[in-house]
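In what follows, a single structure is set out as structure tokens and then discussed.
The values are calculated or read from the model by the stated rules, or taken from the named source; none is laboratory data. Since the structure is predicted, the reported quantities are computational estimates derived from the model, not experimental observations. Here the Cβ positions follow ideal geometry from the backbone for every residue, glycine too, while neighbour counts run over all protein chains shown.
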Amino acid sequence: MKFTTTRRGLLRGTLGTALATTAGCRRELESELGSAPAVEPPHGGPQVSITTTVNGVARTAQVGVDTSASELLRDTLKLTGTKVSCGHGACGACTVQLDGVPVTTCILPATSLHGKAVTTVEALGQGGLHPVQRAFMAEDALQCGFCTPGFVVEAAAFHDKWRAEQGARAPTRDEIAAALAGHLCRCGAYENIYAAVAGACAGKFDKSPETGPRVDARAKVTGEARYTVDVQLPNQLVGKLLRSPHAHAQVKRLDWSKAVAAPGVHGVVELLGAQRTLRYVGQELVALAAVDEEAAARGLSLIEVEYEVKPAIIGLDAGLDPKALPVYPTRNTRKALPNANEAPLLPVRWSGNLRGPFQFLSKKRGAAERAVKRRREAPADGVALAATYETQVQCHTCLEPHACVADWRDDGLTVHLSTQAVHTMSEDIAQRWKLKHEAVQVLAPYVGGGFGSKATLTTETIAAVELSRLTKRPVMVALERREELAVGGNRPAQRTEIALASSASGELEGMTVRSYTDAGVAVGSAPSMLFRIMYADAPKHIEDWDVLTHAPPGKPLRAPGGPPAFWALEQTIDELAHHRGEDPIAVRRRFDPNPARAKLYAWASALPVWRGRRPPAQDKGRFRRGVGVAAAGWPYFVQPSTRVQLEVTAGGLVASTAAQDMGNGTRSVIAQAVADVFGVSPSSITVQLGDSRYVPGPMSGGSRTSASVYPAAYHAAIELREELVDFARGRFGIAGAVAAPGGLHHGGRTIPWADVFKAAPRLSTVGKRKRDKGGYFLPPIKDLAVGKYVSGGVHVTELEVDTRLGRIRVLGSWIGIGVGKIYVPKLARSQAIGGVTQAIGYALYEERRLDPRFGALLTGGLEDYRIPGIADIGEFEVYFMEDGFENVRSGGVGLGELVKLAPAAAIGNAVFNATGWRPRQLPIRPDRVLAGVKG
Ligand code: FES
């Protein structure tokens, strides 16, 4: 069984096969192209010569018949602004203009470029930015930026045609959606893309601006931003992995002697552990380095493996079967297990494939059980509601896949890595390979999304480093899309049994929760913290169980454990409200002591969409509208070791830290902190990230980044400003000089900071992330502190259910957020909308499917694994309630996880409001809607 379908294979399967195997066809093509006779490429297969014009420059190139256009542009011509993400023409990241017409290039044969003019994103900016590029910057129509070149190239073509035909009339959302439907953005930048394209077409960005609220936006809209997959070092090899075709097997024999002898192969390393047991389809056996992808693929095919295939446990029900064979049969096999969460693993009991219960977050456990029992037995005095909710596996689906380029030299190791933990990775790598920390440099200037899946040392890095050490050459290992969807990371499936007791007067008397989580071979899912945080005063009996199965390990995905917990909890609260005939927001206000949410409930209650909602199931026709609400809460984390260095240069201020910006806006938050102190524009601050040689920065996980870097950068700026004032008083003898917004104030005039910087010596300060006033809820453990505040969210959704086709269309999302001070409002709004967009995918579309008997991945491409597109999202309103959080250093905490929690439950509640049917399984697929909605 072959695990991957490569782009090369796909091309061979179409045009390539015919050309490569039929001499007559080959001659025909050569004649048509007017090319030189074909020559044998280094590893077999015919080549042809093509002439094309790329960004205005005439080019002649030798290409194989199965060379894709994107390979020619990226690998040969070094135009890496054109990205490759899915490799099968579904995501649009690789779009260029061919004679002015947008085309995807990952499955387009390079021969198709012959005689035509290609325009890539790099050329749109020549001679000044295109209006669409300016619009994307101004409207913040991007986050990680990996999809952005494709969107910009397509939107520019649409814009140019539109302006020629329609003048300055702004297109509608539907017209823009139709034009950009072939593009996917995992960060969820669609709402701002609508605004950008409409504004550009209306002429709003014909001449300005040249900057935007995101300080690295220009690099992303022009294709200048270099991601790990864009790294091309001299003599760089391609690393590929041999993966298990079986969900459960023992490797009896592994022989790669023929592979290492194959042309172009430079080395092989084994990745199997000492147990030589395979526990999921896709598990890595061997990594191989070769001169190119074709040689690597041929080398892998020559590796001989003898398996003893065993029965596999696939899915939650199979794992819960007490007769099932244990995935980890002995104590010895349960060491160093993959962790599906960010919190450290605690010792918990095992019984077969059940690990748990984890229940120390319960509160008045006995009282909760007794309350539910009492109300079940005597419902006349109150009510006990009980139900089981299920959620599916959701894949992280970063558009930049997991990728690493390792360069092991005598003088040290450089690791280009798509990671959300630059500093931590440098420490982990040094420790694993027993190197001095200063001998390791991790580089990640741009990261195309992470969402929790790129926070630890994963196999692509281990493989690349081992292969580089072996071959003494740089080696890139980058996952194909199918690999990314198989092993790149996932939010585990979960089954939640929840029961709630309420008195006749509507008091919340108790809650019991049992969660069973299938994170495949990983453990530690533990969503119970969130049940504990919400409605905190009520008695609760909370149990978490890990259920082990033969599936790839789950990983923390933006708010790990959260969306499944809120899917169950917030629908149960809604059900109680309807049972009692009360307003669902009023019930929450009564149960909820959280001060941030109290104000958000008032905001949500006053929304016209909420005030205008109707009782459940009022519509009787085919299309039925509904409105739902759900609340959310998330703990606040900070990384106390965070440092930000700030230097004065003649060109201005330069801030640096070993953190990363994976679309969450780290650069812009640091620039804003410095700008707030000096009273200058954030765009005038240079921010350097993504290099472990800078002072230690935080990893990006648990919404800790902004809460860690803003106060540290602010502290550095305050200190540096003082030094500059001292310098001015001493060097210039202006004793009365004081710092003022924009410059030094003295004698009735202000000397601009730019002039001060030019005259100043190269001063430098390092700011710290100081402790919160009053300390933390939990003191730092492994450099992670838990703050005393819990952030608050209230989410309202309006949607329409098509009862004939079973489809659900989200019309609008109202996002209320209480996280204290918002440092960069435009970016915070983008991140909130992006998180909700991902949550809409979770609620309605996304579902990783495995073959139920053999565990093979059935959803291996972005057409099978469906993430939301631009037409799937509805409109948004974001409300920031900035009160509270006074004791938090600088006054604000993160929101990246918070916004993911409530939308699925709000959608479920809106479906109930529309139809009278309450969905209890995710995603809310059309077949489930049709089965659930009667009449
Ligand atoms: Fe679109 Fe990140 S900005 S994928």
Practice task
Can you give me the number of residues within the range 587-609 that are under 17 Å from Gln571 (Cα atoms), of a type in the set (Ser, Thr, Tyr) and either free of Cβ contacts under 8 Å to residues at least 40 places away in the same chain or in contact with a Leu (Cβ under 9 Å, 6 or more places away or on another chain) (or both)?
Solution key: 0
Problem - Hits in the range 675-708 - residues which are of a type outside the set (S, T, N, Q), in contact with a strand residue (DSSP E or B) (Cβ under 6 Å, 6 or more places away or on another chain) and part of a helix (DSSP H, G or I) - result: Ala707
Exercise for the section: From the list Val465, Val477, pick out the single residue that is in contact with a Cys (Cβ under 7 Å, 6 or more places away or on another chain) and either away from the ligand (no atom under 16 Å from the Cβ) or touching a residue at least 60 places away in the same chain (Cβ under 8 Å) (or both). Expected result: Val477
Exercise for the section: With the checklist (1) modelled with pLDDT of 95 or more; (2) part of a loop (DSSP other than H, G, I, E, B) in hand, flag the one item Asp619 doesn't pass. Expected result: (1)
Exercise for the section: Report yes if some residue within the range 126-141 is farther than 20 Å from Val447 by Cβ, of a type in the set (Val, Ile, Thr) and touching a residue at least 12 places away in the same chain (Cβ under 8 Å); otherwise report no. Expected result: yes
Handout entry: Every residue from the range 440-462 that is charged (D, E, K, R) and within 16 Å of the ligand (Cβ to nearest atom)
Key = Lys454
Handout entry: Residue list for the range 720-750, filter: closer than 16 Å to Lys768 by Cβ and touching a residue at least 60 places away in the same chain (Cβ under 8 Å)
Key = Leu720
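Is it fair to say Val305 is among the aliphatic types (A, V, I, L, M), buried (at least 16 other Cβ atoms within 10 Å of the Cβ) and assigned to a loop (DSSP other than H, G, I, E, B)? Spell out the reasoning first.
Values: among the aliphatic types (A, V, I, L, M): yes; buried (at least 16 other Cβ atoms within 10 Å of the Cβ): yes; assigned to a loop (DSSP other than H, G, I, E, B): no.
For Val305, the condition - among the aliphatic types (A, V, I, L, M), buried (at least 16 other Cβ atoms within 10 Å of the Cβ) and assigned to a loop (DSSP other than H, G, I, E, B) - is not met.
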Practice task
Give just the number: which of (1) closer than 30 Å to Gly489 by Cα; (2) out of contact with any strand residue (DSSP E or B) (no Cβ under 6 Å at 6 or more places or on another chain); (3) of a type in the set (A, V, I, L, M) does Leu354 not satisfy?
Solution key: (2)
Handout entry: Single match in Phe854, Phe885, Phe880 (criterion: at pLDDT below 95 and of a type outside the set (A, V, I, L, M))
Key = Phe885
Problem - Complete set of residues in the range 391-449 that are free of Cβ contacts under 8 Å to residues at least 40 places away in the same chain and at positive phi - result: Gly412, Lys434
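Sort out which residues of the range 396-416 are within 16 Å of the ligand (Cβ to nearest atom) and crowded, with 24+ Cβ neighbours inside 10 Å, and write them in order of number.
As a first pass, look at the range 396-416 and keep what is within 16 Å of the ligand (Cβ to nearest atom): 396-403.
Result: Thr397, Cys398, Leu399, Glu400, Pro401, His402, Ala403.
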Exercise for the section: Quickly run through the range 198-210 and pick out the residues that are more than 12 Å from Phe136 (Cβ to Cβ) and part of a loop (DSSP other than H, G, I, E, B). Expected result: Ala202, Gly203, Lys204, Asp206, Lys207, Ser208, Glu210
Fill in the blank from the handout: Log entry, pairs with first residue in the range 765-783 being on the phi > 0 side of the Ramachandran plot, second being at pLDDT below 85 and loosely packed, with under 15 Cβ neighbours inside 10 Å, beta carbons closer than 9 Å, six or more apart or on different chains, reads Lys782/Pro344
Problem - Filtered residues of the range 918-934 (kept if in contact (Cβ under 8 Å) with a residue 40 or more places away in the chain and either more than 23 Å from Arg848 (Cβ to Cβ) or in a helix (DSSP H, G or I) (or both)) - result: Arg918, Pro926, Asp927, Arg928, Val929, Leu930, Val933
